[in-house]
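Nothing in this text is a laboratory measurement; each read-out follows from the coordinates by a stated rule. Keep in mind that this is a model prediction, so the values were computed, not measured. Positions of Cβ are generated from backbone atoms using ideal geometry, with glycine treated the same way; all protein chains shown enter the neighbour counts.
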Amino acid sequence: MRNTELQERVTHILSKSSISFKKLIIFCFCFILIIVLIVGVLFNISAKRKKYLFTSGRVFYVYYTTITSATNASEIVSTQQKSGGAGFPLEEGAKIYVCAFLYENFEDAMLVKNANIEAYNNGGIKEIKTQKMSARAQKVVKNCENYTKLVHLLEDCFNDFYSMAISHDENKLNESETFSRVFLWLTQANTLNDNFEKTDNISAVCELLAYEIKDFLATKTGRIERSSGLKLMCFKIINLYNAFANLIEGEKL
């Protein structure tokens with residue numbers, strides 16, 4: 001009898017424990033699900049509110065190797081590109097700065113300048129900024145889905161070309177990986193370009209972006225050419241953004 005009572009009590013206790021354990025599992029599952037949903041909502045809100053730095057002006061530190069005039073600029077540009085530099089001619093009045101690359105912080109630019117001081121003792125660093133849009137222009141962009149997508153495309157495309165340029169010089173990016181990543185940007189540019197009305201002046205910016213990316217894929221086949229081309233594309237994308245910002249200022253709300 002005692003054994004029977006003991007068994008019943010044990011069974012009862014185990015039964016209650018089992019129920020409590022199941023409740024705990026259900027509670028934990030619900031809690032985790034709620035956390036996941038909250039994180040997802042916050043991430044979605046964050047993505048929608050993502051602030052693209054180009055629209056606020058973005059500072060870069062350009063390392064240039066030479067200051068020249070229009071007379072012999074093309075020869076110096078070609079020479080620099082053959083050594084893997086961007087060879088981007090930055091004009092300021094009568095002066096032309098032949099730019100090798102640009103950096104997001106001054107210290108990195110200085111490191112490169114100092115490393116090349118013997119070869120380019122006249123080299124230096126210039127600060128440049130992407131054009132800052134007015135509040136009105138930013139409103140124009142927000143009111144047009146294609147304009148918003150183009151700003152995002154220019155920013156993301158620049159960031160990836162910048163990353164590829166650095167990785168390529170560090171031997172962390174091979175030819176096929178470069179081609180694959182660049183081809184994806186061509187696809188995105190072509191897709192967005194198809195969404196624009198051809199009467200829209202802004203469509204020319206997207207069309208030019210697609211053209212420049214396609215030209216890179218067609219002509220930058222050697223390692224040094226790719227190194228130079230990736231750097232040069234960074235300058236070209238900034239120019240396209242500045243052209244876009246100027247055009248937006250003239251658009252109606």
Rg/Rg_ref, region 56-129, where Rg_ref = 2.2 N^0.38 Å and atoms are Cα: 1.05
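Would you mind calculating the gained length between K95 and N122 on full extension (0.36 nm times residue separation, minus the Cα-Cα distance), in nm to one decimal?
On the way: separation 27, 0.36 × 27 = 9.72 nm, distance 1.37 nm.
Length gained between K95 and N122: 8.4 nm.
Just rank F179, F196, fewest to most, by other beta-carbon atoms within 10 angstrom.
On the way: F179 15, F196 19.
Ascending number of Cβ neighbours within 10 Å: F179, F196.
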Net charge contributed by nearby residues that have their C-beta within less than 15 Å of E177 (K/R +1, D/E -1): +1
Pairwise label distance in nanometres, A135 with N72, each label 7 Å out on the Cα-Cβ vector: 5.1 nm
Calculated FRET efficiency for the pair L217/E197, C-beta based, R₀ 25 Å, to 0.05: 0.40
Neighbour-limited loop hits for GluC sites (Glu not before Pro), region 176-253 (at most 10 other Cβ within 10 Å; DSSP other than H, G, I, E, B): E197
Normalised alpha carbon radius of gyration of region 134-249 [divisor 2.2 N^0.38 Å]: 1.10
Nonlocal amide H pairs with F101, under 5 Å, H built at 1.01 Å: Y63, A86
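Could you calculate the contour length gain from E104 to V59, that is, 0.36 nm times the residue separation minus the distance between their Cα atoms, to one decimal place in nm? Don't skip to the answer; put the middle values down first.
Details: separation 45, 0.36 × 45 = 16.20 nm, distance 0.69 nm.
Gain on extension, E104 to V59, equals 15.5 nm.
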Lysine pairs within region 134-249, Cα separation less than 28 Å, 8 or more sequence positions apart or different chains: 20
Residue-by-residue Karplus 3J(HN,Hα) for region 70-75, coefficients 6.51, -1.76, 1.60, Hz, glycine and proline x: 4, 4, 10, 4, 4, 5
